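To start, the structure itself, in structure tokens.
The values are calculated or read from the model by the stated rules, or taken from the named source; none is laboratory data. Everything numeric here is computed off the predicted structure, so don't read it as measured data. Methodologically, a virtual Cβ is constructed for each residue, glycine included, from the backbone with ideal geometry; neighbour enumeration extends over all protein chains shown.
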Amino acid sequence: MEVTILVVPERPHTAALRERLALALQGRDEVTVTWREVTDPAQAERLGMHGSPTVLVDGADPFARPGQEASLSCSVGPPPSVERLREAVAAPRPTTAREP
């Protein structure tokens with residue numbers, strides 16, 4: 001399983017997400033985590049970013065609202081809880097082709 005975190009440099013919530021993700025993934029050695037900085041709106045759209053930070057599990061954002069447009073902005077509200085992150089990596093996700 002691949003978890004990709006899309007972040008805009010110098011935005012809040014990144015440190016909190018990093019801590020929560022580490023707790024959520026304890027004992028999940030099969031999960032690979034990649035952190036990726038996104039710096040322009042076109043890149044955010046290509047990657048499926050819905051605010052910073054965005055969590056992609058096997059290429060899909062399990063926390064995006066239906067119809068939510070891509071955005072380079074800060075996410076509204078805090079990052080997902082440890083429990084919600086655990087649920088996201090436990091649920092099977094369709095693989096979506098995205099720019100690496």
Pair list, Cβ < 6 Å and 6+ apart or interchain, from region 17-35 residues that are free of Cβ contacts under 8 Å to residues at least 24 places away in the same chain to residues that are surrounded by fewer than 16 Cβ atoms within 10 Å (Cβ to Cβ): none
Residue, surrounded by the most Cβ atoms within 10 Å (Cβ to Cβ), within region 66-85, restricted to residues that are at pLDDT 95 or above and among the charged types (D, E, K, R): 84
Residue that is nearest to the chain's Cα centre (by Cα), among those in region 31-45 that are more than 19 Å from residue 17 (Cα to Cα) and among the acidic types (Asp, Glu): 45
Check on residue 11, on the phi < 0 side of the Ramachandran plot, out of contact with any His (no Cβ under 9 Å at 6 or more places or on another chain), part of a strand (DSSP E or B) and charged (D, E, K, R): no
Region 29-57, residues that are part of a loop (DSSP other than H, G, I, E, B) and buried (at least 16 other Cβ atoms within 10 Å of the Cβ): 38, 48, 49, 53
